[in-house]
1. Please give the charge dipole size of the chain, origin at the Cα centre, charges +1 on K and R Cβ atoms and -1 on D and E Cβ atoms. Round to the nearest 20 debye.
2. Please work out the FRET efficiency for the pair His163 and Glu104, using the Cβ-Cβ distance as r and a Förster radius of 22 Å; give the result to the nearest 0.05.
3. Can you list the lysines whose alpha carbon sits under 19 Å from that of Lys44, skipping same-chain ones fewer than 8 residues off?
4. What value, in deg cm²/dmol to 500, does the helix sum -39500 (n - 2.57) over DSSP H runs of n ≥ 4 give at 222 nm once divided by the residues of the chain?
5. Filter the cross-link list Lys50/Lys140; Lys140/Lys422; Lys365/Lys422 down to pairs whose alpha-carbon distance in this structure exceeds 26 Å.
6. Hey, what do the phi angles of segment 58-69 turn into as Karplus ³J(HN,Hα) couplings, whole Hz, using 6.51/-1.76/1.60 and θ = phi - 60°, x for Gly and Pro?
7. On alpha carbon coordinates alone, what is the Rg over Rh value for segment 293-352, Rh being the Kirkwood radius?
8. Please turn the phi angles of segment 388-394 into ³J(HN,Hα) values with the Karplus equation 6.51 cos²θ - 1.76 cosθ + 1.60 (θ = phi - 60°), one per residue in order, whole Hz, x for glycine and proline.
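Nothing in this text is a laboratory measurement; each read-out follows from the coordinates by a stated rule. Remember, predicted model here, so these are calculated numbers, not experimental data. Using ideal geometry, Cβ is built from the backbone for each residue, glycine included, and neighbour counts are taken over all protein chains shown.
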Amino acid sequence: RPLLDPVPPLPSLYTSVGFSIFALLATLYLVPALGPTFISANLKGRDLLKIYQTPIPESLGLVCASVYILLLVIFIPFPFSNSLANLPSHEHGKMLHEGLSVAESLHHQLSVYLSSLLSLLIATMLGFLDDVFDIRWRHKLPIPIIASIPLLMVYYAERGNTHVVVPLPLRPIFGALVNLGPLYYVYMSLLSTFTTNSINILAGINGSEVSQALIIALSIVLNDLLYLPWPIDFRVPLHLLGNQAEVDIGGVWSAGMAHGSRELVGRHLFSLYFMLPLVGVCIGFMYHNWYPARAFPGDTFCYVAGMAFSVVGIQAHFTKTLLLFFLPQIFNFVLSCPQLFGLVPCPRHRVPRFDPDTNLLYPSKTLFHQPPNKLTTAVLRTLSTFGLTDLTLHPTTGNILEANNLTILNFLLLRLGPMSEKRLVRVLMCVQVTGSVLAFFVRYGLAGLVYDG
Ligand code: UD1
Ligand code: MG
C-alpha cells in the first residue's frame with residue numbers, strides 16, 4: 001500500500017524534466033557560441049595550471065544563470081495552473097473550511113517562487129560584479145545575506161517554524177522543542193553566505209566548481225524523490241521522513257495530496273522544480289569546463305548555484321539535510337579560516353602549484369616574510385600535527401618560513417601525493433559523492449537514533 005495518496009501533480013514534474021533537458025542543450029550550445037563575445041568584453045582569464053597562455057573566456061556562469069533563471073520564469077504557469085485545475089471539489093471545501101482560500105494559497109506559493117527568483121537574480125548580479133570588479137572578499141561576504149531577505153520574509157509571513165527538535169539525550173535539559181526565534185533567521189541568512197562562498201573558495205582546477213554544484217544538486221534531487229507519492233512502495237518509511245524539525249505549516253503546493261503529507265510533498269516538488277534545471281545547466285556547462293577547460297564559470301556561477309541551494313533548503317525546510325551535502329565545503333572552509341581571517345598570509349590564488357616538466361600538481365605554499373606571531377605558530381603547528389598542512393621551518397631559529405595553503409585541494413595532494421589536474425578533479429568528485437553517501441546515512445540512519453521522528 002502506498003504511504004502517500006497516489007494522486008500527484010506529476011505533469012508539472014514532467015514539464016520540469018523537459019525544461020531541464022532544454023537547459024542542458026541551451027548551455028551546451030550557447031557557451032562556445034558566446035565565448036568570443038566574452039573575450040572581446042575582456043571577460044577572460046589565463047588557465048593557471050597550463051603551459052599555454054591562451055585567454056579562456058571567464059564568467060560563462062552568466063550564460064548558465066541566464067538560461068536557468070529565464071527557464072524558471074517561463075515555467076511559472078505550469079505548476080500554478082495545475083494546482084487550480086486539479087483541485088477536487090471536496091479538497092476545495094476542506095481548504096475553505098480551514099480558512100485558506102484557493103486564491104490565497106496560490107498567492108502564497110507564488111510569493112515563495114518569486115522571492116526565490118529575486119534571490120537568484122541578486123546572486124547573479126553580485127557574482128557578475130565580482131567577476132568584473134574583483135570585489136574584496138570581506139566586502140562581498142554580506143551581500144548574500146541581503147539577497148536572502150526576500151526568502152526570510154516569505155518564511156516569516158507563512159509563520160515558518162523557528163523551533164528545533166532537541167536530540168533525545170538532551171531532552172531532560174531543554175525539553176523536546178527549543179524555539180530559536182530570531183536566531184533561526186540569523187542562521188538562515190548566514191546559510192546563504194556559506195553556500196555561495198564555500199563553492200567559490202573550493203575552486204581553481206578545471207571542472208571543480210561545476211562538479212561540486214552538480215553532485216550537490218543531484219543529492220538534493222535524490223532526497224526530494226524520496227518524498228514523492230510513488231505508485232510503488234519503495235520509499236523510506238514515513239516516520240523517518242517526518243522529522244518534526246522539518247515539517248510544519250508550509251504552503252499547500254500540491255492540492256490533491258493526502259492531507260497530512262501534502263505540504264511535505266509540495267515543498268519537495270518545489271525543490272525539484274529549482275534543482276532539475278540546475279542539473280541540466282551544470283551538465284551542459286561541465287562539457288566545456290572539463291579538463292582542458294575551454295570556458296571558466298567565474299564567480300557568477302558559484303554564487304547562483306550556491307544561492308539556488310540556499311533557496312531550496314530554506315523554502316522547502318531542509319537546511320540541516322542541505323548542510324550535510326556540503327561536508328567537503330565545510331571541511332575546506334574550516335581549514336581555510338586561518339587564511340580567510342588574516343592569521344596566515346592569503347595569496348590572491350591558493351590553487352595547487354603546477355610543474356610543467358612532470359605535468360603534475362603539487363601543494364602550493366604561502367610565504368612568511370616575517371616570523372609569525374605565537375597564535376599563528378600554534379594554529380599552524382596543530383594543523384601540521386594532524387597532517388593538514390606541511391611546514392618549512394628555519395634551520396636555526398625554528399620559525400615557520402612556509403606553510404601549505406590551507407585548502408582541501410592542497411590537503412588531498414599532500415596526503416595522496418602529486419597528481420595531474422584531471423585526476424585531482426576526479427578525486428574531488430569522489431570526495432563529494434562520499435560526503436553525500438555519508439549525508440544520507442546520517443540523515444536516514446543515524447537520525448533515527450537521536451530523534452524519535
Ligand atoms: C578563489 C580562491 C583562490 C583561487 C581562485 C581560483 C580563496 C579565498 N579564493 O578566489 O584562492 O585561486 O578562487 O578560482 O580561496 N582558474 C584556473 N583554472 C580553473 C578555474 C580558475 O586557472 O579551472 C583561474 C583563472 O585564472 C581564472 C581565475 O582562476 O581567471 C578565477 O579566479 P576568481 O574566481 O576570480 O578567484 P576568487 O573566487 O576570488
Ligand atoms: Mg571564483
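1. Charge dipole, the chain, about its Cα centre: 940 debye, nearest 20.
2. Once rounded, the FRET efficiency stands at 0.35.
3. Correct list for Lys44: empty, as no lysines qualify.
4. Mean residue ellipticity at 222 nm (helix-derived): -19500 deg cm²/dmol.
5. From Lys50/Lys140; Lys140/Lys422; Lys365/Lys422, over 26 Å: Lys50/Lys140; Lys140/Lys422.
6. Computed from phi, the couplings for segment 58-69 are 10, 6, 5, x, 5, 5, 4, 5, 5, 4, 4, 5 Hz.
7. For segment 293-352, the value is 1.05.
8. Couplings: 8, 8, 10, 9, 10, 9, 5 Hz.
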